[in-house]
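Following this message is one structure expressed as structure tokens.
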Amino acid sequence: MKIGIIGAGNIGGNLTRRLTALGHEVSVANSRGPHTLTALAEETGATPVPVGEAARGAQVVVVTIPLKAVPDLPSGVLDGAAEGVAVIDTGNYYPKQRDGRIAAIEDEGLTESRWTERQLGHPVVKAFNGTYAQDILDRHRPAGDPERMALPVAGDDEAAKRTVRALIDELGFDTVDAGGIDDSWRQQPGTPVYGLRAGTAEVVKALAEASPERTPDFRG
């Protein structure tokens, strides 16, 4: 597939490494410009591009940048993507640690990914937000392996969610359908599944045990 990755930090960089190794055609962008991605491009064979070109022709676009930076993305950043593009949101809201207070999340009760959808003007699939970046490189396992980890995946667009779950399976992880974007609070920071390294049954249990109440560490 043709995949665009917006953000080349820990998650974005390691997804670039794994997806290129699996034979996908990856374009990668960051806020500092393509010239800063030369080493990653040489290592992986990915194509460094400006942010505004990352989605061009892409069947999957991964948005993996700090939440506070999402409104600063170029207008129409997803224009030119393939029809039916699946947009993966890996983001998390860290009000005290990084992002500052976002009123729509705090006061309106929007899930983090619903807020991100509104900024992008496109449905998203929430995945990888509670995944340790190094695990993308080190903890992938073949299907059926008893040590295979499972990742929660939430989204309203069922076709896009199927695309994302199939891609995660190819990356070497099981998935658990975590419901729609309004249910995605179950995998936000501070919940039992966030950062959980476990199989399907444990992930299902952790999602069920989540509380919609934000923990103090993740309230602005």
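The values are calculated or read from the model by the stated rules, or taken from the named source; none is laboratory data. Predicted model only: the values in this text are computed from it and were never measured. Glycine also receives a Cβ, built like all others from the backbone with ideal geometry; neighbour counts cover every protein chain displayed. Quick note on the areas: whole protein, heavy atoms, side chains included, nothing else; ligands and nucleic acids left out. Shrake-Rupley method; radii C 1.70, N 1.55, O 1.52, S 1.80 Å.
Please count how many residues of the range 195-219 are in a helix (DSSP H, G or I), at pLDDT 95 or above and either among the acidic types (Asp, Glu) or open to solvent by less than 50 Å² (accessible area, probe 1.4 Å) (or both).
4
Asp157 - would you say it is out of contact with any Lys or Arg (no Cβ under 7 Å at 6 or more places or on another chain), among the acidic types (Asp, Glu) and buried (at least 17 other Cβ atoms within 10 Å of the Cβ)?
Criteria met by Asp157.
Given Arg114, Arg162, Arg118, Arg148, which one is farther than 30 Å from Gly52 by Cβ and of a type outside the set (Val, Ile, Thr)?
Step by step, each of Arg114, Arg162, Arg118, Arg148 is checked, and only Arg148 is farther than 30 Å from Gly52 by Cβ and of a type outside the set (Val, Ile, Thr).
Of (1) surrounded by fewer than 24 Cβ atoms within 10 Å (Cβ to Cβ); (2) more than 12 Å from the chain's Cα centre (by Cα); (3) at pLDDT 95 or above, Gly109 satisfies all except one. Which?
Of (1) surrounded by fewer than 24 Cβ atoms within 10 Å (Cβ to Cβ); (2) more than 12 Å from the chain's Cα centre (by Cα); (3) at pLDDT 95 or above, only one is false for Gly109: (3).
Within the range 1-31, restricting attention to residues that are among the charged types (D, E, K, R) and in contact with a strand residue (DSSP E or B) (Cβ under 7 Å, 6 or more places away or on another chain), which residue is nearest to Ala41 (Cα to Cα)?
Among those that are among the charged types (D, E, K, R) and in contact with a strand residue (DSSP E or B) (Cβ under 7 Å, 6 or more places away or on another chain), it is Glu25.
Still on this structure, I have one more. Looking at (1) farther than 21 Å from Leu15 by Cβ; (2) free of Cβ contacts under 8 Å to residues at least 40 places away in the same chain; (3) in contact with a Leu (Cβ under 8 Å, 6 or more places away or on another chain), can you tell me which one Leu110 breaks?
Just one mismatch for Leu110, condition (3).
Hey, another quick one. Being assigned to a loop (DSSP other than H, G, I, E, B) and modelled with pLDDT of 95 or more: is that true of Glu117 here? Quick ask: steps written out before the conclusion?
On the way: assigned to a loop (DSSP other than H, G, I, E, B): no; modelled with pLDDT of 95 or more: yes.
When the stated conditions are applied, Glu117 does not pass them.
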